[in-house]
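Some notes on the structure that comes next.
Throughout, read-outs are computed from the coordinates displayed, never taken from laboratory work. On a predicted model such as this, the values are computed, not experimentally measured, just so you know. Virtual Cβ from ideal backbone geometry, glycine too; neighbours counted across all protein chains shown.
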Amino acid sequence: MKVLYLYMFPLWGNGSGAWLRRLANHLTHNYSDRFQAAIVAPDNRVLKKIKIFRLKPPTLGVFVGNPELPGAKKYAKFSNQEFIQIYNYYLTRTSKAIEKFKPHLIHVFHTAFLPPVARTLANLYRIPYIITTHGSDLHYFSEDGRWKANVRDASVRAKFITANSNFTRQWYLQMFGKDLAKKTKTIPAGVNNQVDFAKKTSWIDRKYQFKHPNMVLFTGRLTVHKGVEYLIKAARQIKAEIVILGDGPERKYLENLIQKYRLTNVHLLGYFSQKLGELDDFYLRADVYVAPSVWSEPLGLVILESMVHKTPVIVTRKGGVSTIVKDGVNGFLVRPKSSNEIATKVNLLIENEKLRYKMGENAYRTVVQRFNWDKIAGKFYRLYERSLNPPKNNPAPTYILAAIKKIKKLRKS
């Protein structure tokens with residue numbers, strides 16, 4: 001089985017990119033005798049055993065921000081001409097990728113203009129496709145509805161639609177139609193649970209000259225939606241090092257806020273790429289992770305990353321994260337924009353080592369049981385198999401029919 005993934009951002013710098021890399025890697029590894037992956041994306045880096053069709057679109061955009069695309073225009077502010085240019089670019093380049101890679105299935109790994117691209121190419125090449133929504137793309141549609149009709153049509157024609165949480169699934173159905181419910185499945189992101197808990201992280205304290213023994217962590221894009229200002233305001237009541245990793249349009253405002261309150265325990269360290277491995281060290285070093293989002297977070301991959309490192313989390317009671325975090329069990333849920341509540345819960349965990357340890361263990365157990373990559377990859381592989389059954393009145397190309405026959409034979413063996 002050969003799957004071609006369509007993606008609109010660099011493969012590093014955001015949760016959906018990390019998800020796509022890991023999904024393709026696990027499928028390639030777990031089903032090495034029957035699976036090949038290729039990705040169409042604006043990225044020049046290399047992935048082992050995965051073909052990358054590298055793009056240089058005429059304009060690169062973002063939904064809410066991306067640390068690898070500083071200063072990029074939001075898609076909601078694209079002119080019609082800019083959208084036509086990038087749509088035509090993806091259409092042409094993806095068609096070349098199809099002719100070279102000969103995929104059996106197309107997997108659209110974000111919405112906006114990519115489902116219409118897949119819809120057109122699937123019709124021409126008679127290749128089935130599925131769509132995955134991550135939530136941030138749905139927020140884009142609430143700002144700009146120009147592509148909604150096209151995505152609705154693409155959704156009707158897609159074999160399946162997947163969402164990263166039940167919250168995102170309901171949001172998608174409300175936006176594009178409840179009649180899509182049967183084909184819309186919830187499949188969350190997975191997290192790598194191979195963590196080296198014995199790894200030394202003392203370099204962090206030495207490099208940044210920390211004075212407090214405890215550390216509180218935030219990682220992510222510095223946008224207004226993430227609510228980082230409320231963590232900074234809470235820092236006035238917390239005796240710990242507050243480390244903020246990420247970049248984005250809110251950075252200057254947050255730097256001014258730190259200066260305004262004369263905070264010496266807040267460290268705005270910028271963007272760290274997961275590829276270097278340093279980000280894992282910060283997760284290990286942290287005693288508490290805080291995600292103070294002021295919008296409805298669809299899933300929160302960074303929250304899962306923290307939990308798999310046995311770090312208890314404090315997150316806003318909004319969106320899909322409440323299906324991951326059980327209040328008082330593996331973390332705490334707090335009200336949006338409540339710096340006082342953030343400070344109270346952080347201090348409770350810092351001062352109570354026994355509670356912190358218990359919640360960290362529960363957090364780890366939650367992720368390993370529910371967000372195991374082998375399970376997630378298996379769900380997608382089975383969905384791919386179901387997607388390959390061609391309609392009787394529109395038979396698939398010969399190479400796809402041959403692949404279906406091979407898959408059925410492997411199943412029996």
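Put a dot 7 Å past the Cα of Ile84, heading toward its Cβ, do the same for Asp327, and the two dots end up 5.2 nm apart. Per-residue extension of 0.36 nm, minus the Cα-Cα distance of Ser32 and Glu351, leaves a gain of 110.0 nm for this segment. Helix content alone sets the calculated 222 nm mean residue ellipticity of the chain: runs of n ≥ 4 DSSP H residues at -39500 (n - 2.57) each, divided across all residues, give -13500 deg cm²/dmol.
Straight Cα distances below 17 angstrom link Lys326 to the lysines Lys310, Lys318, Lys345, Lys358, with same-chain residues fewer than 8 positions distant left out. Net charge of the neighbourhood of Tyr261, taken over other residues with C-beta under 9 Å away and scored Lys/Arg +1, Asp/Glu -1, is +4. In terms of Cα to Cα distance under 17 Å, which lysines are near enough to Lys211, apart from those fewer than 8 places away along the same chain? Straight-line reach from Lys211, under 17 Å: Lys239.
How far is helix 398-412 tilted, in degrees, relative to the longest principal axis of the Cα atoms in the chain, given as a value from 0 to 90 rounded to the nearest 10? Taking the Cα atoms of the chain, the angle to 398-412 is about 60 degrees.
Helix 114-125 and the longest principal axis of the Cα set of the chain meet at an angle near 20°. Local charge for Phe9 was computed over the other residues whose Cβ lies under 10 Å away, with Lys and Arg +1 and Asp and Glu -1, and equals -2. Listed values [x] 5, 23, 35, 26, 9, 2, 0; [y] 4, 22, 31, 24, 13, 4, 1, 0; [z] 4, 17, 19, 15, 12, 10, 9, 8, 4, 2, 0 include one computed from this model; for P(r) over Cα pairs in 10 Å bins from 0, in percent that value carries the label [y].
Taking amide H as placed 1.01 Å from N in the peptide plane, Tyr129 has its amide H under 5 Å from the amide H of Ile106, Lys159, each at least 5 places away in sequence or on another chain.
Model label points for Lys49 and Lys358, set 7 angstrom from Cα along the Cα-to-Cβ axis, are 4.3 nm apart.
Cα centroids of the range 1-66 and the range 113-171: 17 Å apart. Under 5 Å from the amide H of Lys326 lie the amide H atoms of Gly331, each residue being 5 or more positions distant or on a separate chain, with H modelled from the backbone and absent for Pro and chain starts. Each of Thr311, Tyr125, Tyr208 was placed along the dipole of the chain (beta-carbon charges, centred on the mean Cα), and the one lying farthest toward the positive end is Tyr125. For the range 202-370, the Kirkwood hydrodynamic radius comes to 15.6 Å, computed from all pairs of different C-alpha atoms. Taking θ as phi - 60° and the Karplus parameters 6.51, -1.76 and 1.60, the scalar couplings of the range 326-333 work out to 9, 4, x, 10, 10, x, 10, 9 Hz in sequence order, x denoting glycine and proline.
Here r is the Cβ-Cβ distance between Lys56 and Gln237 and R0 is 51 Å; the resulting FRET efficiency, rounded to 0.05, is 0.60.
Under the convention that each Lys and Arg Cβ holds +1 and each Asp and Glu Cβ holds -1, the size of the dipole of the chain around its Cα centre is about 1560 debye. Angle of helix 251-260 to the longest C-alpha principal axis of the chain, folded into 0 to 90 degrees and rounded to 10: 10°. Here the Karplus relation 6.51 cos²θ - 1.76 cosθ + 1.60, evaluated at θ = phi - 60°, turns the backbone of the range 371-381 into coupling constants of 10, 5, 5, 5, 5, 5, 4, x, 5, 5, 4 Hz, with x for every Gly and Pro.
Here the range 95-243 has an Rg and Dmax of 21.5, 62 Å, counting Cα atoms alone.
Annotation: amide H of Lys185 within the under-5 Å range of Ile161, Thr162, Ala163, sequence separation 5 or more or interchain, hydrogens built in the peptide plane.
Dipole check for the range 1-90: with +1 at the C-beta of Lys and Arg, -1 at the C-beta of Asp and Glu, and the Cα centre as origin, the magnitude is about 200 Debye.
Backbone phi angles across the range 34-39, fed through the Karplus curve with coefficients 6.51, -1.76 and 1.60 (θ = phi - 60°), yield HN-Hα couplings of 8, 9, 9, 10, 9, 10 Hz in residue order; Gly and Pro are listed as x. Springs between alpha-carbon atoms under 10 Å, Gaussian network over the chain: tell me which of Lys207, Lys252, Lys185 tops the mean-square fluctuations. Result for the chain, Cα springs under 10 Å: Lys207 fluctuates most.
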